[in-house]
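Engineer: Would you mind keeping the following structure in view while I ask a few things?
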Amino acid sequence: MRFVRVGGVLGLVLGLALLIGLTVWSGADLVRAAIAGVGIGIVLVVLVRAATASVAAVGWWVLFPPKERPPLATCLALRFVREGANALLPVGQVGGDLVGARLLTFRGVPGPLATASVVVDVLVLAVTQAVFALIGLLVLLALGVGSGVAWSIAGGLLVAVPALAGFWLMQRRGGHRVLGRLLDRFRGDRARRLAATIDRLFADIAALHAGRGRMAASAALHLLDWTIGVGEVWVAFAFMGHPVGLAEALVIESLMHAVRGAAFAIPGALGAQEGGLVVLCGLFGIPPDQAMALSLVKRVADLATGVPGLVLWQWMEARQLRVPRRSGAPRG
């Protein structure tokens with residue numbers, strides 16, 4: 001755990017250094033002027049971000065079997081917690097998902113099912129993100145620009161395929177066997193309880209995978225939420241006075257997320273997002289200062305949607321401390 005914390009802080013420091021360096025290189029005054037040009041458009045970008053998070057929450061919610069679904073409002077609230085922790089805290093880009101699973105147990109969802117829902121949701125998110133990036137790559141090739149960048153992105157997607165396949169196999173077969181063999185080395189009541197919890201976790205994962213209609217609905221909703229995010233790019237550049245078409249906005253948004261995904265170990269993909277946007281926007285003649293302004297506007301959206309999520313998280317934790325522990329209560 002100490003290594004993970006040190007790695008997260010180191011990634012945060014390096015990301016901040018890259019962010020500052022890119023801002024200075026692009027021209028801090030020009031970046032500031034470009035952000036000022038967005039004006040009220042920042043509010044629209046935040047609204048688009050809130051819409052994408054809300055659709056993503058529904059994509060998570062539909063994964064649950066109907067009889068075991070938490071209220072939709074719970075998934076909506078916890079989706080913003082997940083987004084906030086992933087974007088704003090030095091926990092990589094997956095720590096918020098673990099927080100979301102924990103907070104679900106506060107709402108009566110058994111721990112194994114809460115964890116299983118998040119694990120499967122992350123898989124669906126990753127697969128649909130890869131599909132979204134592939135769509136962006138195909139549009140980029142159709143536009144006939146940036147062949148070198150296109151080949152680099154294609155290489156990254158090829159690497160992602162076995163990684164996603166491995167993640168899927170670990171959920172379906174391999175993970176249960178590996179953990180089972182590790183636990184076989186231990187004895188005692190604690191080991192038996194842990195083994196029973198793991199058995200239940202993988203049984204819940206298998207049940208979620210078996211709901212093919214729910215999986216398909218979740219995938220469709222997550223692909224929709226990625227697509228809605230194109231509006232952030234389109235709105236920001238329209239207000240900066242450098243309007244782009246929907247095709248260009250799609251390429252920039254989808255491939256930016258591919259860069260963010262590759263930099264998942266860096267908190268908030270600091271620096272990686274900015275560098276990726278400078279390159280991608282440059283393909284369409286957008287100067288670095290406006291690319292950096294777009295990234296910073298997106299960071300404002302991170303704050304506007306993420307901070308309330310973090311506040312909600314702490315409120316739920318404090319409230320839970322006041323709840324008496326009861327035997328048999330679903331705490332995970």
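Throughout, read-outs are computed from the coordinates displayed, never taken from laboratory work. As the structure is a prediction and not an experimental result, all values here were calculated from the model. Methodologically, a virtual Cβ is constructed for each residue, glycine included, from the backbone with ideal geometry; neighbour enumeration extends over all protein chains shown.
Engineer: Bin by bin, in steps of 5 Å, what percent of the Cα pairs in segment 29-168 do you find, going until the bin that has the longest distance?
Structural biologist: 2, 8, 14, 16, 15, 16, 14, 8, 5, 2, 0, 0
Engineer: Relative contact order, percent, of segment 33-321 when contacts are C-alpha pairs under 8 Å separated by at least 6 residues? All intermediate terms of the calculation are to be shown ahead of the outcome.
Structural biologist: Working: 376 pairs, mean separation 103.5, N = 289.
It rounds to 36 percent for segment 33-321.
Engineer: Same structure, new question: What is the set of long-range amide H partners of Val91 at a cut-off below 5 Å, with H atoms built 1.01 Å from backbone N?
Structural biologist: none
Engineer: A further question on this structure: Sort all Cα-Cα distances of segment 33-321 into consecutive 5 angstrom bins from zero, then give the percent of pairs in each bin up to the one containing the longest distance.
Structural biologist: Final binned percentages: 1, 5, 11, 15, 17, 16, 13, 9, 6, 4, 2, 1, 0, 0.
Engineer: So how much slack lies between Val300 and Ala247, counting 0.36 nm per residue of separation and subtracting their Cα-Cα distance, in nm?
Structural biologist: Additional length available on full extension: 16.7 nm.
Engineer: What list do you get for Thr227, Thr305 if you sort them by fewest beta carbons within 10 Å?
Structural biologist: On the way: Thr227 17, Thr305 22.
Ordered by Cβ neighbours within 10 Å, fewest first: Thr227, Thr305.
Engineer: For Val45, what is the net charge nearby, where nearby means another residue's Cβ is under 14 Å from its Cβ and Lys, Arg count +1, Asp, Glu -1?
Structural biologist: On the way: positive: Arg49, Lys298, Arg299; negative: Glu232, Glu253, Asp302.
Taking every Cβ under 14 Å from that of Val45, the sum is 0.
Engineer: Further question: Net charge within 11 Å of Gly309 by Cβ-Cβ distance, Lys/Arg positive one each and Asp/Glu negative one each, not counting Gly309 itself?
Structural biologist: Residues close to Gly309 contribute a combined charge of 0.
Engineer: Evaluate the distance, in nm, between pseudo-label points positioned 7 Å from the Cα of Gln320 and of Ala265 along their respective Cα→Cβ axes.
Structural biologist: 2.9 nm
Engineer: Take each of the peptides 72-82, 162-172, 214-224, average the number of other beta-carbon atoms within 10 Å over its residues, and list them starting from the highest.
Structural biologist: On the way: 72-82: 21.6, 162-172: 13.5, 214-224: 18.7.
Descending mean neighbour count gives 72-82, 214-224, 162-172.
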